[in-house]
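The values are calculated or read from the model by the stated rules, or taken from the named source; none is laboratory data. Fair warning: this is a prediction, and the values are worked out from it, not measured in the lab. All Cβ positions, even for glycine, are placed from backbone atoms using ideal geometry, and neighbour counts span all protein chains on display.
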Amino acid sequence: MEILKEVTEMCCVRNSETHGPAVIPQEGHWDKVTKIEQINGFTHGCGACAPQQGTCKLSLNVKDGIIQEALVETIGCSGMTQSAAMAAEILPGKTLLEALNTDLVCDAINVAMKNLFLQIVYGRTQSAFSENGLPVGSALDDLGKNRSSLVGTHFSTKEKGTRYLNTAEGYITQLALDKNDEIIGYEYINLNNMMRLVNNGKDVKEAYAESIKTYGRFADGVKHINPRKE
């Protein structure tokens, strides 16, 4: 290590004793963390790409500094789906620091990783006060029993009002309107359930019929419209 002459000629002044880093909450404990392998936590974070074309929601479960579980969800730019697939292969098994300095293919995923790194090392995690943290597999809870991202899609104009297109329940097929033309319910098809039935050998038409459900006061609607056509 090279030290400038100006420094070597300085007289020595003793610094007062340091008490180390501040404690952070981790999985039900208060820890003084000095090494990356002491980091633990489960949390989520979002990131957007530079041109703001898409967003990634990243969920990580870190145990002893190593990523044990990663859930990568994207919306917007269609190319992000392939980037997310690659990132999902890259992340598990890496230390938190390695992941921060790894090219995760897509801008939005890299930004999400940076945001999560800050959350986790500062102890701002979902599992901060959960004894022993959350088990590997906890990210699947966000997907529900059908193992699919819940992406809400709704379109609205001042002139024609609102159209529900996709909700957590599924793909919207009809909207129910009351006498004032206000939405009071909707019919939807749970595509994930339909495909599960088809994969189990059910006839497509039967699977389709069994996967159609309604929400709200759909049966009381004075008028029913197709949100994608009317």
Return only the number of the condition from (1) modelled with pLDDT of 95 or more; (2) assigned to a helix (DSSP H, G or I) that THR214 does not satisfy. (2)
Looking at GLY170, is it on the phi > 0 side of the Ramachandran plot, surrounded by 13 or more Cβ atoms within 10 Å (Cβ to Cβ) and under 27 Å from the mean Cα position of the chain (by Cα)? yes
Residue among VAL7, VAL33 that is hydrophobic (A, V, I, L, M, F, W, C), outside any loop (DSSP other than H, G, I, E, B) and more than 17 Å from the chain's Cα centre (by Cα): VAL7
In the stretch 169-177, is there at least one residue being of a type in the set (Ser, Thr, Tyr), not in a loop (DSSP other than H, G, I, E, B) and not assigned by TED's automatic domain parsing to the domain that holds CYS56? yes
From the option list VAL136, VAL121, VAL151, VAL111, single residue qualifying as touching a residue at least 40 places away in the same chain (Cβ under 8 Å) and closer than 22 Å to GLY216 by Cβ is VAL151
Qualifying positions in the stretch 140-167 - assigned to a loop (DSSP other than H, G, I, E, B) and surrounded by 11 or more Cβ atoms within 10 Å (Cβ to Cβ): GLY144, ASN146, SER148, SER149, LEU150, VAL151, THR167
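Listed here are the residues, each with its yes/no results for (1) closer than 30 Å to THR95 by Cα; (2) out of contact with any Ser or Thr (no Cβ under 8 Å at 6 or more places or on another chain).
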{"position": "SER148", "(1), (2)": "yes, yes"}
{"position": "THR162", "(1), (2)": "no, no"}
{"position": "ILE189", "(1), (2)": "no, no"}
{"position": "TYR208", "(1), (2)": "no, yes"}
Within the stretch 1-46, residues touching a helix residue (DSSP H, G or I) at 6+ places or on another chain (Cβ under 9 Å) and among the aliphatic types (A, V, I, L, M) come out as ILE24, VAL33, ILE36, ILE39
Let me spell it out: the conditions are (1) closer than 29 Å to GLU131 by Cα; (2) in contact with a Gly (Cβ under 9 Å, 6 or more places away or on another chain); (3) crowded, with 18+ Cβ neighbours inside 10 Å, and PRO25 meets all of them except one. Which number is the exception? (3)
Among the candidates THR43, THR95, which residue alone is more than 29 Å from ASN192 (Cα to Cα), surrounded by 15 or more Cβ atoms within 10 Å (Cβ to Cβ) and of a type in the set (Ser, Thr, Tyr)? THR95
Within the stretch 189-230, can you find the residues that are within 13 Å of ARG163 (Cβ to Cβ) and surrounded by 17 or more Cβ atoms within 10 Å (Cβ to Cβ)? PRO227
Does the stretch 123-135 contain at least one residue that is under 15 Å from the mean Cα position of the chain (by Cα), modelled with pLDDT of 90 or more, outside any helix (DSSP H, G or I) and loosely packed, with under 12 Cβ neighbours inside 10 Å? no
Pick from GLN38, GLN68, GLN52: which is closer than 28 Å to PHE129 by Cβ, assigned by TED's automatic domain parsing to the domain that holds VAL105 and without any contact (Cβ under 8 Å) to a residue 40 or more places away in the chain? GLN38
